[in-house]
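Written below as structure tokens is the structure these notes are about.
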Amino acid sequence: MGWFPASLSADARRLLATRALRGFADGAVSVILPSYLAVVGFSSFRIGAIVFGTLLGSAALTLWVGLGSNRVGQRAVLLAASGLMLLTGIGFFACTGFWPLFVVAVIGTMNPSAGDVSLFLPAEQTALADAVEVRDLTAVFGLYNVAGAFAGALGALASGLPVPVARYTGWSLAAAERGAFLGYSLIALSVALIYTRLRTGRRPHPAARRASPLTKSRRIAIRLSVLFSLDAFGGGFVVQALLALWLFHRFDLKVATVGVFFFAAGLLGALSQLMSSSIAARIGRIRTMAYTHLPANALLILAAVMPGPRSALTCLLIRAAMSSMDVPARQSYVMAVVAPEERAAAASVTNVPRSLAAAFAPLPAGAMLEASNFGWPLICAGGLKIAYDLLLLMMFRSSRPADERARDGTPGPA
């Protein structure tokens, strides 16, 4: 069995495959996007505005889709999202002006982050939770995020390919990087083909018509969403596209070098998430989330004040080995504490604030980078995320899902 839980179904494996394909696409464009926009003459503030548009649009679409996905089925939502992903790649390839690109960014699926902040997320999480046993949720979400992180690392490494392509074809670097957006569209087609084979989520949840989107789980979902929005707002200052832009400006690093760094960081993040389920089994999901996050955020602040690229990249790599361990525990916690028929709505309500809050951070981050190449965005991110970790422990340390209480023989409600 190894890393694969016994209840891992064929549908769960398909969802791991689609997460990997999307992760590869996101990893590549998160590095290529700021490079391409800088090459064609966009300022740091305008690049931040494009990143803001991608996150804001994803948040709005995710909320709208997530609250109604139980009524149409997750597969239909995922197929529609794949179509939008296809059009997004075509839009970024076809448009060159700021305002057309901003419009495509708002209505499309482009993800400038190393993580998954798209409208795919609630539907995939719900379908995945329905495809495995509750006891295996953390382990399966660990695999799900590892698939995305590992593929994202490969995508970041591949972001350097436009440089040799431009060299050997005679194209400009901007033209070579622009062509990567067509590759993004081709991946969308591959993802859609896999979704057509899903059995999970073909029909609406049987309880969907009897319940409002959130009734039983409303209180805990809203409390979690408030905290997650604080974490995401901090993370928005250092989404991968903006962190790449800071490395370009601060240390004059090349695209290929930054791509190799994100490849290594992605591998460390992917491998660390495999440990999440075993840590959560010992100390619980909430403690896993906070105890692994706190030192990672301290390292983010330390990286901001490092004088040279080696020391800064070292801090960021050590941070990468810890900063993603909370993700499977967080996703599993949400799925475990809500009623099954409310999972799609809860996933949307807890994930949308993450996207929405993260969307507003790139604007001040871009302004900071426009004014100075010092790591103010990293300091803001680290401070806000540390505050989130401490509040999470204070508010939810005693709120344990049923499977954790049953494992420890602890009576009482979650």
(message) Please compute the modelled spin-label separation between Leu87 and Val165, points set 7 Å along Cα→Cβ, answer in nm with one decimal.
(response) 2.4
(request) Compute the projected area of the convex hull of the Cα atoms of segment 286-361, averaged over all viewing directions, and report it in nm² to one decimal place. (result) 5.9
(request) Post the alpha-carbon centroid distance, segment 136-191 to segment 264-318, in whole angstrom. (result) 23
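Of Asp26, Asp130, how do they rank once you tally other Cβ atoms within 10 Å and put the fewest first? Present the calculation step by step, with values, prior to reporting the outcome.
Numbers: Asp26 27, Asp130 18.
Placing the least packed residue first, the sequence is Asp130, Asp26.
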(request) Mind pulling the angle between the C-alpha long axis of helix 98-107 and the longest principal axis of the chain? Nearest 10 degrees, somewhere in 0 to 90. (result) 10
(message) Tell me the Kirkwood radius of the chain: reciprocal of the mean inverse pair distance over distinct alpha-carbon atoms, in Å.
(response) 21.1
(message) Could you check the spin-label model distance between Leu186 and Ala17? Points 7 Å from the Cα along Cα→Cβ, value in nm.
(response) 1.8
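Which value in deg cm²/dmol, rounded to the nearest 500, describes the helix-derived mean residue ellipticity at 222 nm for the chain, given -39,500 (n - 2.57) per DSSP H run of n ≥ 4 and division by the residue count? Please report the intermediate quantities before stating the final value.
On the way: 19 runs with 316 residues, N = 414.
Computed ellipticity for the chain at 222 nm equals -25500 deg cm²/dmol.
How high is the FRET efficiency between Ile283 and Arg197 when r is their beta carbon distance and R₀ equals 35 Å, given to the nearest 0.05?
0.40
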(request) Any chance you could give the angle, 0 to 90 degrees and rounded to 10, that helix 137-158 forms with the longest Cα principal axis of the chain? (result) 10
(request) Would you calculate the separation in nanometres between label points at Phe360 and Ser172, each defined as 7 Å from the Cα along the Cα-to-beta-carbon direction? (result) 3.7
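Which of the three applies to segment 70-176, rounded, prolate or oblate, going by the alpha-carbon gyration tensor with a ≥ b ≥ c and a/c under 1.5 meaning rounded?
Details: a/c = 3.31, a/b = 1.63, b/c = 2.02.
Oblate shape, in that a/c is at least 1.5 and b/c is the bigger or equal ratio.
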(message) For a quick check: sort Phe181, Phe248 by the number of other beta carbons within 10 angstrom, fewest at the front.
(response) Phe248, Phe181
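Fewest to most neighbouring Cβ within 10 Å: what's the order for Val163, Val226, Val327, Val352?
On the way: Val163 17, Val226 14, Val327 25, Val352 28.
Final ranking by Cβ density, sparse to dense: Val226, Val163, Val327, Val352.
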(request) Could you let me know the centre-to-centre spacing of segment 1-59 and segment 242-263, using Cα atoms, in angstrom? (result) 17
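Give, in nm to one decimal, the length gained when the segment between Ala339 and Lys254 is fully stretched (0.36 nm per residue of separation minus the Cα-Cα distance).
Working: separation 85, 0.36 × 85 = 30.60 nm, distance 4.83 nm.
Taking Ala339 through Lys254 to full extension adds about 25.8 nm, to one decimal.
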(request) Would you mind telling me which residue in Gly73, Gly41, Gly27 has the biggest mean-square fluctuation in a Gaussian network model of the chain, where springs connect alpha carbons within a distance under 10 angstrom? (result) Gly41
(message) Between helix 309-323 and the chain, what is the angle of the helix's C-alpha long axis to the longest principal axis, kept within 0 to 90° and rounded to the nearest 10?
(response) 20
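Computed from the coordinates by the stated procedures, all read-outs in this text should not be read as laboratory data. The model shown is predicted, which means the values in this text are computed figures rather than measured ones. All Cβ positions, even for glycine, are placed from backbone atoms using ideal geometry, and neighbour counts span all protein chains on display.
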